[in-house]
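Have a look at the structure below, then the notes.
What follows draws every value from the coordinates through simple rules; no lab data is involved. Source: prediction; values computed, not measured. Counting neighbours? That spans all protein chains shown, and the Cβs are built from the backbone with ideal geometry, glycine included.
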């Protein structure tokens with residue numbers, strides 16, 4: 001089963017990867033950094049969702 005945090009986390013990772021790639025392609029370091037930050041935030045949110053699922057299954 002998948003929860004909202006897992007889905008949103010994956011979506012943020014994808015969006016961040018796209019921004020990061022666009023920043024690299026255009027040489028825009030600001031866009032690249034924002035993409036990297038968004039990708040990391042997505043990983044954190046997905047990990048939070050994964051943890052919630054593990055706890056839910058354990059109970």
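Exposure proxy check: 43, 4 ranked by fewest other beta carbons within 10 Å? Show your work: numbers first, answer last.
On the way: 43 15, 4 10.
By the 10 Å Cβ count, ascending, the order reads 4, 43.
Select one label from (i) -0.63, -1.01; (ii) -0.58, -0.93; (iii) -0.85, -1.02: the one whose number is log10 I(q)/I(0) by the Debye sum over Cα atoms at q = 0.18, 0.28 Å⁻¹ as derived from the coordinates shown.
(ii)
Relative contact order (percent) for the chain, with alpha-carbon contacts under 8 angstrom and 6 or more residues of separation?
Normalised by residue count, the contact order of the chain is 44 percent.
Measure nothing fancy, just the Cα-based angle from helix 29-58's long axis to the longest principal axis of the chain, in degrees from 0 to 90, nearest 10.
Taking Cα atoms only, the helix is inclined about 10 degrees.
For the chain, set up a GNM with springs between Cα atoms under 10 Å and report which of 29, 39, 19 has the largest fluctuation.
29
With everything on Cα atoms, drop me the angle between helix 4-26 and the longest principal axis of the chain, reported from 0 to 90° to the nearest 10.
Approximately 10 degrees, to the nearest 10.
List 5, 50 from most exposed to least, where exposure is judged by having the fewest other Cβ atoms within 10 Å. Write out the running numbers ahead of the final one.
Values: 5 18, 50 15.
Ordered by Cβ neighbours within 10 Å, fewest first: 50, 5.
Quote the FRET efficiency, to the nearest 0.05, computed for residue 34 versus residue 7 with a Förster distance R0 of 25 Å and r equal to the Cβ-Cβ distance. Walk me through the intermediate numbers first.
Numbers: r = 21 Å, r/R0 = 0.85.
E(calc), rounded to 0.05, equals 0.70.
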